[in-house]
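Have a look at the structure below before the remarks.
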Amino acid sequence: MSVGPTIDEFRSVIDAATHRLSTSARTAGLTALVPPCPDWTVADLVAHQGMVHRWAQAQILGIEAPFASESVVLDRVAPTDLTDWFLDGARELLDTLSTADPDVDAWVFMETGRTPLEFWTRRQAHETTIHAVDAVAAEQGSIPTAAALGIDPALAADGLDELLVRFAPRGRSKLYAGEPATIGVETTDTGHAWTLSVSEEALTVTEGAPESATARWRGTAGALYLGLWNRGDEIEVSGDRTTLERWRARHRVR
């Protein structure tokens, strides 16, 4: 995608998602289960997101991340302090994202054609948004619909682009099932589309809808964003439905 949210808008997304996550986490309670991640409690979720915020900040600052895993966080931070600890880390991350040199030379874990500062701001906007959805799901006891969450369609379309174009093609193809396949992913509200070309060796993703396809996955940008992050079940499938089943089973990124 050539156009998406600005870096300032991504920072605002991080801030809003941080508050949504913390509010829902407090309401749900730290022992509540997280429906999209059934082996997690809310404590695990809050520890994970707080750890990732500090890890991202450390990359920009060029320092060692202070926590190596969620279990280390839970060993060091008292349960009564956990949500405040998470909020402190988010504030520190946002401060770093706001004050860092725009041309800072920082490590990134995948190429996106953006500066490192843009990369980390965008990545944490989507990271925090998706995990805020997890917190809302824990509060409600089920995964909410895209419409109920009110995720901005432009943000969702950008998140789809990051997921499909950058995350999904890394490594060997996870969608291959014995023969090549072509999958069209099409938003019904923002006019975006991608073609997933599946082979044994790799998954190749290009912008635009295919003329013919093994399967087409359609929905609002929000429904596709949540569904392809395994946080929803509102994707309309035409053609081979097993393509989406394989995605859900094999593309699971926390």
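The values are calculated or read from the model by the stated rules, or taken from the named source; none is laboratory data. Since the structure is predicted, the reported quantities are computational estimates derived from the model, not experimental observations. FYI the Cβ positions are ideal-geometry reconstructions off the backbone, even for glycines, and counts take in every protein chain you see.
Side notes on the structure shown:
- Boolean, Thr128 is over 25 Å from Arg250 (Cα atoms), of a type in the set (S, T, N, Q) and part of a helix (DSSP H, G or I): no
- Counting the residues of the stretch 114-124 that are more than 13 Å from Asp161 (Cβ to Cβ) and in a helix (DSSP H, G or I) gives 7.
- Residues in the stretch 108-162 that are within 22 Å of Thr206 (Cβ to Cβ) and of a type in the set (Ser, Thr, Tyr): Thr112 alone.
- In the stretch 93-115, the condition of being of a type in the set (Ser, Thr, Tyr), within 18 Å of Leu224 (Cβ to Cβ) and touching a helix residue (DSSP H, G or I) at 6+ places or on another chain (Cβ under 6 Å) is met by no residue.
- Every residue from the stretch 163-176 that is in contact with a strand residue (DSSP E or B) (Cβ under 8 Å, 6 or more places away or on another chain) and either more than 13 Å from Thr206 (Cα to Cα) or not aliphatic (A, V, I, L, M) (or both): Pro169, Ser173, Lys174, Leu175, Tyr176
- Filtered residues of the stretch 153-173 (kept if touching a residue at least 40 places away in the same chain (Cβ under 8 Å) and part of a loop (DSSP other than H, G, I, E, B)): Ala168, Arg170
- The criterion of being modelled with pLDDT of 95 or more, assigned by TED's automatic domain parsing to the domain that holds Val136, within 18 Å of the chain's Cα centre (by Cα) and surrounded by 20 or more Cβ atoms within 10 Å (Cβ to Cβ) does not hold for Val108.
- Filtered by the rule that a residue be more than 9 Å from Thr27 (Cα to Cα) and either free of Cβ contacts under 8 Å to residues at least 24 places away in the same chain or not aliphatic (A, V, I, L, M) (or both), the stretch 125-140 gives His126, Glu127, Thr128, Thr129, His131, Asp134, Gln140.
- In the stretch 142-186, residue surrounded by the fewest Cβ atoms within 10 Å (Cβ to Cβ) [restricted to those that are polar (S, T, N, Q) and at pLDDT 95 or above]: Ser142
- For the stretch 1-113, the helices (runs of 4 or more DSSP H) that sit wholly inside it and include 2 or more residues that are within 25 Å of Glu139 (Cα to Cα) and touching a residue at least 40 places away in the same chain (Cβ under 8 Å) are 7-28, 42-61, 82-99.
- Of all residues making up the stretch 218-245, the number that are out of contact with any Gly (no Cβ under 7 Å at 6 or more places or on another chain) and either at pLDDT 95 or above or of a type in the set (A, V, I, L, M) (or both): 18
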